[in-house]
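A.B. asks: Supplied in structure tokens, the structure appears directly below.
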Amino acid sequence: MLASEGIKRTEMNRDEFTKRVWQWKEKYGGTIANQIKRLGASCDWSREHFTLDEQLSQAVVEAFVRLHEKGLIYQGSYMVNWSPTLQTAVSDLEVEYSEESGFLYYIKYRVAGRSDFLTVATTRPETLFGDVALAVHPEDDRYSKYIGMMAIVPQTFGRHVPIIDNKHVDKDFGTGVLKISPGHDHDDYLLARKLGLPILNVMNKDGTLNDVTGLYSGLDRFEGRKKLWAELEETGLAVKKEPHTLRVPRSQRGGEVIEPLVSKQWFVSMEPLAEKALQAVEKRELIIVPERFEKIYNHWLSNIKDWCISRQLWWGHRIPVWYIAGKDNEEEYIVARNAKEALEKANKRYGKDVEIYQDPDVLDTWFSSALWPFSTLGWPDICAEDFKRFYPTTMLETGHDILFFWVARMVMMGIEFTGKVPFSYVYLHGLIRDSQGRKMSKTLGNVVDPLDTIKEFGTDALRFTLALGTAGQDLNLSTERLTSNKAFTNKLWNAGKFILQNLPNENDASAWEKILSYKFDNEDTVVNLPLPECWVVSKLHLLIESVTASYDKFYFGEVGRETYDFFWADFADWYIEASKGRLYHSGVGDNSVASVAQAVLLYTFENILKVLHPFMPFVTEELWQALPNRKHALIVSPWPETQLPRDTSSIKKFENLQALSYFWFRAIRNARAEYVVEPAKRISASVVANNEVIDYIAEEREVLALLSRLDLQNLEFTDSSPGNADQSVHVVAGEGLEAYLPLADMVDISAEVERLSKRLSKMQKEYDALKSKLNSPQFVKKAPEDVVLGVQEKATEAEEKINLTKKRLEFLRTNVVVSQ
């Protein structure tokens, strides 16, 4: 924002800058919270906190002071990841490595006192000004004779460095000679500290080369690289430059190349804190979902490094450290909760005339975030009502990408300051990527604003799409998925409308008394229901059992998929259709047939809304409150009971009826594809099965006829094949369950024979013409090969169609004779 106004941060003082940031925060800071509200998060928004709120800031200072008093916070000069643009240190976790094309530069170093040269391969030639040694493997015969000698660093006016041996040198990388630049490489830094080698820094904080580089001082690090290489080529010390794939460290915040630099910073000693956090998972006091992330969590904490918590920025929690004017900062400092306390401590230690000033740095933002589970509840006041009531919490839900940034640090700080793990479960969701699986970024132009998606597809469809993802796995957000789930939302809405239209008026007390008399938690009630009703209620009870178990295990995707399948495939496609026979075709005065369907429709739909409500709060609440006799909002209604009665034999019986309907439908569809069949024509059928199956299927003949578009008056049930079996379409629905559809009922056979005969005659002419071409030697010889192949393929296809049409005609003519 400042850059767009032509202002640089460095042109402002600290107070001016922080004032502008507060203004920016007030304008844009609520964007994410507003998105979350629009997504339907049922949070207690009166408890919303901002990290720089006064009470939270006090908690941050208190945490720093306590950690320092225990010796867990210290100051020192160590290798850090430096961001030249932001001019601040960043943590290891805020550095992202990318594979990029670069070069490997081969440079000659002269061996002092000899005419020999050692060639070094490096990706960063500009750091040679910080070289303090050359290292070779002790068992590398090419260089063993040089160990203990000195080498001359190019372009440094003869500066000598020792040639040392080290078993960690990779003999096969480059030339097998490694330059040691401890001021600009993490591994070299650790080696130099171990061997007592000096540390040379050749870089300014803004990424330009410093005075150590002599004539290159003031050049940008990458410009310096170009100039150095050109001059090495001029002096004959450049051997070659070859393409090489680099692993480049980039700032997660700004994308710039990170510079390893030695800098004085504040650190937290992590090992003592990590040990307790490891034990929490080991003792199952903390459970991470999905479980595979426990290994990653354990590996990181087992290999943890001290945490650099200071940042050279102006915005954030100021480090509560004061220095004594005129004293050595590293040794003479005071840690205090505020400036007044710091001055009092300074007066006691150094006298009343002492002057103090606060450390200009701020804390890493993740330091305050690590305190979030308890600082937001009133800590360090452990008597605060919220702290006593809500801490420790039950569940943390967050993205898997901040398992270390945030989750592990909250666990460590929670145990350290409260003695308790801050939550029992951590649920890690995946990241939302675009339809091609790419990370969303402004550069790619694929960033999706959830509010735009809500406008197009609705909040419920978006929520349902996201919640169907598997824990810990990234989700590709595609228009196809959103469109599908918008259709699901519409289907749910239309099902609600159908049910409302077919329920009695709220003032019809006797009708409602009948509907409400059905107690579906009673086994006798369920098993005595008609087959379709018993089936759908039993399936519903199985669904409630299954999804409740999945909710308890945090298998949210499974809940969504199972409920989607039950609602669409069972309830909407089958039971609602079956119920129309009860609602529309019940006899005069036969209210009991309609009431059982109304009761089951209402009961099943109510429970579907309950199960779906966490996914789709808006449409489910709207539909719930539109239903009659609602005493409470859906969001505060009790969850369905489990262990409800179900009749497995009814499920199997209805599945047979479904199979019969499905295969009939497919057979009729195939017949329509082969012959001319009137779309609305009702077709007669014969069902063949044993007496037990016939008994329950025949009882539901109206449902069967309705679902399969059959002629109810000509629907027969028998235990043997009908007399016209040879002239029927044969359907096998399952073992011991068959059906026959007379072809004469579906097709006007005489008309169809005439139609197919004409079609056969036309196809035969086309085929003969194609064969005539192929039998012509002139055509085969002169026509291009691909043209000849094309004609051959057409002829083969035509021959197959002719044979198929002949078989159909033969079958139809047999039926004509029989019917005559």
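The values are calculated or read from the model by the stated rules, or taken from the named source; none is laboratory data. Since the model is a prediction, treat every value here as computed from it, not as a measurement. No Cβ is skipped: glycine too gets one built from the backbone with ideal geometry, and neighbour counts run over all protein chains shown. For the accessible areas, the whole protein counts, side chains as well, though only heavy atoms, and no ligand, DNA or RNA atoms are used. Shrake-Rupley method; radii C 1.70, N 1.55, O 1.52, S 1.80 Å.
A.B. asks: Which ³J(HN,Hα) values, rounded to whole Hz and listed in residue order, are derived for region 14-26 from phi using the Karplus coefficients 6.51, -1.76 and 1.60 in 6.51 cos²θ - 1.76 cosθ + 1.60 with θ = phi - 60°, glycine and proline given as x?
C.D. replies: 4, 5, 4, 5, 5, 5, 5, 5, 4, 5, 4, 4, 5
A.B. asks: Between E271 and V448, what's the calculated FRET efficiency when r is the beta-carbon distance and R0 is 41 Å? Round to 0.05.
C.D. replies: With a Förster radius of 41 Å, E is 0.50.
A.B. asks: Something else now. Just flag the trypsin sites (Lys or Arg not before Pro) in region 1-99 sitting in loop per DSSP whose Cβ has no more than 15 other Cβ atoms within 10 Å.
C.D. replies: Qualifying residues, ordered by number: K8, K70.
A.B. asks: Residues of region 617-647 with the amide nitrogen closer than 18 Å to a label point 7 Å from the Cα of L500, along Cα-to-Cβ, please.
C.D. replies: So the set is 617-635.
A.B. asks: How big is the accessible area of S42 in square angstrom, nearest 10, if you roll a 1.4 angstrom probe over the protein chains?
C.D. replies: 100 Å²
A.B. asks: Here is a further query. Match the structure shown to one of the listed values [x] 41.7, 146; [y] 53.6, 200; [z] 39.6, 126 of Rg and Dmax of the Cα atoms in Å, computed from it, and give that label.
C.D. replies: [z]
A.B. asks: What FRET efficiency, computed as 1/(1 + (r/R0)^6) with R0 = 25 Å and r the Cβ-Cβ distance, is obtained for E332 and T10, rounded to the nearest 0.05?
C.D. replies: 0.30
A.B. asks: Please give the per residue accessible area of the chain, computed with a probe of 1.4 Å over protein heavy atoms only, in Å².
C.D. replies: 52 Å²
A.B. asks: Tally up the carbon and sulfur contribution to the accessible surface of the chain as a whole percent, 1.4 Å probe, everything protein left in place.
C.D. replies: 49 percent
A.B. asks: On to the next question. Just to confirm a number: summing +1 for Lys and Arg and -1 for Asp and Glu over residues other than L178 whose beta-carbon lies under 14 angstrom from that of L178, what do you get?
C.D. replies: It works out to a net charge of -3.
A.B. asks: Let me ask something additional. Give, in whole angstrom and from largest to smallest, the semi-axes √(5λ) of the equivalent ellipsoid of region 1-48, with λ running over the eigenvalues of the Cα gyration tensor.
C.D. replies: Equivalent ellipsoid of region 1-48: 32, 12, 5 Å, largest first.
A.B. asks: Once amide H atoms are placed 1.01 Å from N in the peptide plane, what residues at a sequence separation of 5 or more from R159, or on another chain, have their amide H within under 5 Å of its amide H?
C.D. replies: Result for R159 returns V153.
A.B. asks: List the chymotrypsin sites (Phe, Trp or Tyr not before Pro) within region 24-129 that fall in a DSSP loop (any state other than H, G, I, E or B) and whose Cβ has at most 16 other Cβ atoms within 10 Å.
C.D. replies: Sparse-neighbourhood loop chymotrypsin sites (Phe, Trp or Tyr not before Pro): F50.
A.B. asks: Just to confirm the filter: which trypsin sites (Lys or Arg not before Pro) across region 263-310 are DSSP coil and have at most 14 other Cβ within 10 angstrom of their Cβ?
C.D. replies: Passing both the DSSP loop test and the Cβ count: K283, R284, R292, K305.
A.B. asks: Under a plain spin-label model, where a point goes 7 Å from the Cα along Cα-to-Cβ, how far apart in nm are V788 and D401?
C.D. replies: 6.1 nm
A.B. asks: To the nearest 10 square angstrom, how much accessible area does D745 have with a 1.4 angstrom probe?
C.D. replies: 50 Å²
A.B. asks: On average over all directions, what projected area in square nanometres does region 478-630 have, based on the convex hull of its Cα atoms?
C.D. replies: 9.5 nm²
A.B. asks: Grab the other residues whose beta carbon is less than 12 angstrom from that of K771, score K and R as +1, D and E as -1, and report the net.
C.D. replies: 0
A.B. asks: Something else now. With each label point set 7 Å from Cα along the Cα-Cβ vector, what nm distance links D726 and K171?
C.D. replies: The answer from the label model is 8.9 nm.
A.B. asks: Could you check the spin-label model distance between Y74 and N629? Points 7 Å from the Cα along Cα→Cβ, value in nm.
C.D. replies: Result for the modelled spin labels: 7.3 nm.
A.B. asks: Which whole-number percent is the relative contact order of the chain (Cα, under 8 Å, 6+ apart)?
C.D. replies: Here the relative contact order equals 9 percent.
A.B. asks: How much accessible surface does S435 have with a 1.4 Å probe, in Å² rounded to 10?
C.D. replies: 70 Å²
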